[in-house]
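A quick write-up on the structure given underneath.
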Amino acid sequence: MPPHFIDGQPHTHADRPRRVRQPGEPLRIGIGGPVGSGKTALVAALCRQLRDELSLAVLTNDIYTTEDADFLRRHAVLPDDRIAAVQTGGCPHTAIRDDITANLDAIDDLIAGHDQLDLILVESGGDNLTATFSSGLIDVQIFVVDVAGGDKVPRKGGPGVTFSDLLVVNKTDLAPLVGADLDVMRRDAAKVREGRPTVLISLTEDPAASAVLDWVREQLRVNQPA
Ligand SMILES: Nc1nc2c(ncn2[C@@H]2O[C@H](COP(=O)(O)OP(=O)(O)OP(=O)(O)O)[C@@H](O)[C@H]2O)c(=O)[nH]1
Ligand SMILES: [Mg+2]
């Protein structure tokens, strides 16, 4: 993947600068990926599993609606005041990568409204394989694809598939129905990700999203403020 330039120096996504998390600030985890891959379902699962042990909040991004935040409120995964929404009005990647102001403002409001948050989950609007979060917005990011898009998806690469901190291949329950070979997806993901972790899950078969939950708990442990 070609490098981009920061201060005249070439960088790849792998060595991009990281946000400096200040003492007392919550960990921010970005959750991106194509339309319908299961981002909101994953956010709901993580909230249900973590809400009794952590102080957490969610920020969703949608293009024209607040559909995802409404879904999370309707299913009462967290109290309403811990779920905020940004309406991007344009391509989702713009709001999570190019002009992150609306998201930063919403995060400030969540932090101001709650004592000592431990974790904020930021869901991107459904986009395509090129969308990733700015390091100024989140500390670590999860990229969610699903098997229904075909077992070729990990092989197609792109910054989310290749450089996200965790790649989630969701909806493994659908693999037999769409003729997706999970071994191929596992092998191709390992090849492009060079050691970065990948998990294959089905939120319908494991509503606790155990493999992702383990990873999130590990991030909370190792990813400490400066
Ligand atoms: N069969 C199956 N369906 C799933 C699974 N996970 C999520 N879904 C369904 O897939 C659909 C899309 O899930 P969402 O969580 O809304 O996906 P999303 O990525 O948030 O979608 P956008 O925000 O619109 O991009 C919903 O109908 C979910 O119930 C899974 O593991 N297996
Ligand atoms: Mg969603």
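Structure above, values below:
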quantity	calculated
Condition met for Ala148 (within 16 Å of ligand 2 (Cβ to nearest atom), open to solvent by 10 Å² or more (accessible area, probe 1.4 Å), aliphatic (A, V, I, L, M) and more than 17 Å from the chain's Cα centre (by Cα))	yes
Number of positions in the stretch 12-54 that are open to solvent by less than 20 Å² (accessible area, probe 1.4 Å) and in a loop (DSSP other than H, G, I, E, B)	4
Ala190, sole failed condition from (1) at pLDDT 95 or above; (2) of a type outside the set (Asp, Glu); (3) assigned to a loop (DSSP other than H, G, I, E, B)	(3)
Condition met for Thr162 (part of a helix (DSSP H, G or I) and closer than 30 Å to Ala175 by Cβ)	yes
Residue match in the stretch 131-140 (condition: touching a helix residue (DSSP H, G or I) at 6+ places or on another chain (Cβ under 9 Å), modelled with pLDDT under 95 and of a type in the set (S, T, N, Q))	yes
Candidates Phe163, Phe143 - the one that is within 22 Å of Leu56 (Cα to Cα) and either crowded, with 18+ Cβ neighbours inside 10 Å or more than 16 Å from ligand 1 (Cβ to nearest atom) (or both)	Phe143
Matching residues, the stretch 117-140, being within 20 Å of Val77 (Cβ to Cβ) and more than 13 Å from ligand 1 (Cβ to nearest atom)	Leu117, Asp118, Leu119, Ile120, Ile138
Candidates Gly149, Gly158, Gly136, filtered to the one that is under 30 Å from Ala102 (Cβ atoms), of a type in the set (Gly, Ala, Ser) and in contact with a strand residue (DSSP E or B) (Cβ under 7 Å, 6 or more places away or on another chain)	Gly149
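The values are calculated or read from the model by the stated rules, or taken from the named source; none is laboratory data. The structure displayed is predicted, hence computed values, not measured ones. Note that each Cβ is placed from the backbone with ideal geometry, even for glycine, and that neighbours are counted across all protein chains shown. Side chains included, ligands, DNA and RNA excluded: accessible areas come from the protein's heavy atoms. Shrake-Rupley method; radii C 1.70, N 1.55, O 1.52, S 1.80 Å.
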